[in-house]
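Data block below; observations after.
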Amino acid sequence: MDLRFAVQLGIIGLTFFMLINASAVLVLAERKIMGFMQQRYGPYLVGPHGMLQPLADIVKLLFKEELRPKAADKWLFNLAPILSVAAAFTAFATVPWGAETTFFGLLDDPVSLGVADLNVGVLVIFAVTSMGVYGIVLAGWASNSKYSLLGGLRASAQMISYELSYATALAAVILLAGSLSVREVVDAQSGYWLGFIPRWYVFLQPVGFIIYVIAGVAETNRAPFDFPEAEQELVAGYNTEYSAVRFALFPQAEYINMATMSAVATDLYLGGWHGPFLEQYGLGWLWFLMKVGLILFTYIWVRWTVPRYRYDQLMNFGWKWLFPAAVINLIVTAALVLYFNA
Amino acid sequence: MTGEAVAFYALSAMLVVSALAVVLSKNLFHAVLWLALALTGTAGIFLLLDAEFLAAVQLLLYAGGVVTIVVFAIVVTERLVGETITQTNRRIAGGALVCGALLWLLITTVLERPLATERPIMPDDLTKAIGESVLTRFVLPFELLAVLMLAALLGAIYFARPEE
Amino acid sequence: MDGWLGVLIMLVLGVGFAAVMIGLSVLLGPKNPTPEKLAPYECGMPAVGDARERHSVKFYLVAMIFLLFDIEIAFLYPWAVALRDLGWPGLMQIVTFFMILSVGYLYVWRKGALDWAPAARARNALRRGPRKAA
């Protein structure tokens with residue numbers, strides 16, 4: 001096994017490890033920020049300032065009893081959380097998080113920071129996210145409980161509805177970059193206009209960015225679009241019947257999906273790892289982390305600020321406003337690109 | 001054996017097993033999941049043929065879209081006649097006969113005209129090549145496809161009238 | 001091809017992680033099931049009947065509309081990559097494609113398949129009522 005391959009394996013392992021950590025950090029961040037917004041402390045007892053709370057949670061859940069309704073489908077009931085988590089990890093595989101590097105001259109050829117650079121990366125992200133619906137609809141069906149089934153159905157209808165807007169908004173970015181490879185889209189955003197405005201696509205695609213972020217919130221089933229688990233109506237939605245670790249895996253998949261959404265937004269709209277100062281020292285990935293962190297904070301901020309909509313409002317908004325807006329945005333972008341290129 | 005050959009045989013085995021499971025499993029919902037696995041395996045075969053775009057579209061449209069439709073169709077129509085629908089396999093012998101005949105036809109055809117084993121030279125950006133040919137050489141079928149999809153949409157609405 | 005190996009490794013890691021976690025929990029957790037624990041969740045009174053009942057046909061319709069527009073998006077991406085080479089004629093062809101599909105989209109909208117609220121449905125029925133009588 002040569003050094004280069006080993007380094008690439010190491011990068012994959014690191015990405016995987018960081019994603020697991022990301023879900024733990026996000027759980028803590030969510031509760032801390034929620035506490036802050038509601039003028040209380042949030043978790044405080046486990047470890048300094050409650051930093052070890054996620055660890056305590058997972059250890060506790062490991063020692064809890066796994067319950068399964070007698071009428072549930074045994075295999076599918078177990079398969080659903082596995083599929084959810086696997087789809088979440090796989091979706092991140094095509095998201096690069098740093099520039100190509102030789103690790104300060106350690107390697108002859110530079111390797112890229114990120115699991116995989118695919119020629120059709122954007123499409124693969126989109127395809128894998130659409131397969132993430134499986135885990136949820138399976139969980140709902142396998143539980144054989146009314147709340148779960150209705151939650152699963154709602155979740156999948158919501159996800160497929162917003163997927164259209166999301167994919168159409170991304171197509172406008174592809175128009176600008178002329179490539180389906182995420183890394184090439186990021187590299188098309190390096191440099192500055194007029195010497196100080198970064199060439200990020202968010203400035204060329206403000207409408208597309210907003211559509212993408214809204215659809216991203218709906219795709220990850222987050223408030224104000226958290227209908228699959230609307231407590232007041234559905235108990236806990238598709239994971240009502242789940243307990244112990246199997247129950248923990250669904251939120252984990254959700255948090256990883258949130259991280260993926262934010263990372264994709266960073267790569268395609270906010271210039272990825274490009275930014276002043278840090279890039280020269282090969283530390284562009286710090287920019288990437290900061291931008292992702294900012295978007296994730298916005299996600300949490302929105303959750304604790306905006307109340308949940310009604311289901312019909314969600315479907316109305318997705319089909320009658322967001323999707324037409326995304327299509328018009330795409331066609332206008334295409335016309336402008338052609339006009340200025342000719 | 002090269003890695004490619006190993007991958008091909010593994011994928012083929014997966015395809016055959018999951019396809020058989022689709023037709024033989026009694027539970028309709030399980031059959032759909034096996035179908036999803038079979039469609040994903042097909043995407044893997046496309047990948048081995050260097051058709052990356054096709055593989056991604058296969059995942060997106062078939063494993064993602066079509067399977068979702070079938071799942072929804074099952075959930076919506078389940079207990080339509082007061083009992084759970086199960087899949088029946090009454091004509092296994094006849095089905096096997098037809099499949100065997102089809103297999104024989106395919107094998108004899110392939111053996112008659114040996115396929116090229118050399119990898120043809122591909123353009124650099126296949127996705128771009130696809131986009132160009134769809135919108136220039138095949139533009140009429142492309143627009144007709146929109147008409148076909150329109151017909152499918154109207155048909156779906158007609159059969160599932162929400163109001164009446 | 002190399003990149004796809006990374007995707008495969010990530011998939012295997014994801015499945016492995018989830019399976020190990022579930023396995024650990026099965027090993028470590030207690031097991032004393034009672035009939036109440038094995039019943040589906042209910043609030044106040046035992047659940048009546050099976051969960052797998054008929055559901056609104058709307059869900060199926062949404063999936064159908066989704067699939068058609070999903071196909072459209074699968075064609076959008078290669079066009080988006082080749083936009084600069086195809087130029088204005090390419091844009092016109094895509095716009096025509098959109099126009100044909102938007103006929104279906106408007107039809108679906110007018111038929112009320114995109115309305116989920118009882119209020120909106122009632123309004124539509126009212127609007128349609130007199131016309132039917134006439």
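FYI, it's all coordinate maths here, none of it is from the lab. None of the values given here were measured: they were computed from a predicted structure. Cβ coordinates were reconstructed from backbone atoms using ideal geometry, including for glycine residues, and neighbour counts include every protein chain displayed.
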So if the hydrodynamic radius of region A:131-188 is defined as the Kirkwood radius over C-alpha pairs, what does Stokes-Einstein give as its diffusion coefficient at 20 °C and 1.002 mPa s, in µm² per second?
161 µm²/s
Looking only at other chains, what is the average number of their beta-carbon atoms within 10 angstrom of each beta-carbon in A:57-67?
4
Test of understanding: in a Gaussian network model of chain A with alpha carbons linked when under 10 Å, which of A:58, A:295, A:197 would top the mean-square fluctuation ranking?
A:197
Along each principal axis of its Cα atoms, how long is region B:124-164 end to end? Whole angstroms, biggest number first, please.
53, 18, 9
Sites residue B:139 and residue B:50 - FRET efficiency at Förster radius 22 Å, r taken between beta-carbons, to 0.05
0.30
What are the ³J(HN,Hα) values, in whole Hz, obtained from phi via the Karplus relation 6.51 cos²θ - 1.76 cosθ + 1.60 with θ = phi - 60°, for each residue of region C:77-91 in sequence order, with x given for Gly and Pro?
5, x, 5, 4, 5, 9, 3, 5, 7, 7, x, 4, x, x, 4
When the charge dipole of chain B is computed with +1 on Lys and Arg Cβ and -1 on Asp and Glu Cβ about the Cα centre, the Cα farthest towards its positive end, among B:5, B:123, B:25, belongs to B:25
Convex hull volume of chain B per residue (C-alpha atoms, cubic angstrom):
183 Å³
Rounded, prolate or oblate, given the Cα gyration tensor of region A:205-342, with a/c below 1.5 counting as rounded?
oblate
Mind checking which helices in chain B clear 27 Å along their axis (Cα) and have mean Kyte-Doolittle hydropathy of 0.0 or more, DSSP H runs only?
B:3-24, B:28-48, B:92-112, B:139-159
About its Cα centre, what dipole magnitude does the protein assembly as shown give when the only charges are +1 on Lys and Arg Cβ and -1 on Asp and Glu Cβ, stated in debye to the nearest 20?
2280 debye
On a 0 to 90 degree scale, rounded to 10, what angle separates helix A:284-303 from the longest Cα axis of chain A?
40 degrees
Over region B:3-89, what lengths in whole Å, largest first, do the semi-axes of the equivalent ellipsoid take, defined as the square roots of 5 times the eigenvalues of the alpha-carbon gyration tensor?
29, 16, 5
State the dimensionless ratio Rg/Rh of region A:124-266 (Rg: radius of gyration of Cα atoms; Rh: Kirkwood radius).
1.08
Provide a whole-number value for the mean count of partner chain Cβ atoms within 10 Å of the Cβ atoms in peptide B:129-139.
6
Expected max-MSF residue from A:17, A:126, A:209 in the GNM of chain A (alpha carbon, under 10 Å) is A:17
For region A:37-153, what D do you get in µm² per second when you plug the Kirkwood radius from alpha-carbon pairs into Stokes-Einstein at 20 °C and 1.002 mPa s?
118 µm²/s
Among A:41, A:106, A:93, the residue whose Cα sits farthest towards the positive end of the charge dipole of region A:1-139 (+1 at Cβ of Lys and Arg, -1 at Cβ of Asp and Glu, taken about the Cα centre) is A:41
What ranking do A:110-117, A:159-166, A:198-205 get when scored by the average of other Cβ atoms within 10 Å per residue, highest first?
A:159-166, A:110-117, A:198-205
How many Å³ per residue does the convex hull of the Cα positions in region A:46-109 occupy?
197 Å³
Please list, ordered by chain and number, the residues whose modelled amide H lies under 5 Å from the amide H of residue A:99; skip anything fewer than 5 residues away on the same chain.
A:284, A:285
Gyration tensor (alpha-carbon) shape descriptor, the protein assembly as shown, a/c threshold 1.5:
rounded
Can you give the angle from 0 to 90° between the axis of helix A:3-37 and the longest principal axis of chain A, with both taken from C-alpha atoms, to the nearest 10?
60 degrees
Residue-averaged beta-carbon neighbours from other chains (10 angstrom radius) around A:106-118
2
Mind ranking A:269-280, A:4-15, A:239-250 by how tightly packed they are, going by the mean number of other C-beta atoms within 10 angstrom, highest first?
A:239-250, A:269-280, A:4-15
For region A:75-86, take each phi angle, set θ = phi - 60°, evaluate the Karplus expression 6.51 cos²θ - 1.76 cosθ + 1.60, and give the result in whole Hz per residue in order, putting x for glycine and proline.
5, 5, 4, 6, 5, 4, x, 4, 4, 4, 5, 4
Subset of A:32/A:146; A:74/B:26; A:291/A:320; B:26/C:31 violating a 23 Å alpha-carbon distance limit
A:32/A:146; A:291/A:320; B:26/C:31
How large are Rg and Dmax for chain A when only the alpha carbon atoms are used, in Å?
20.8, 67
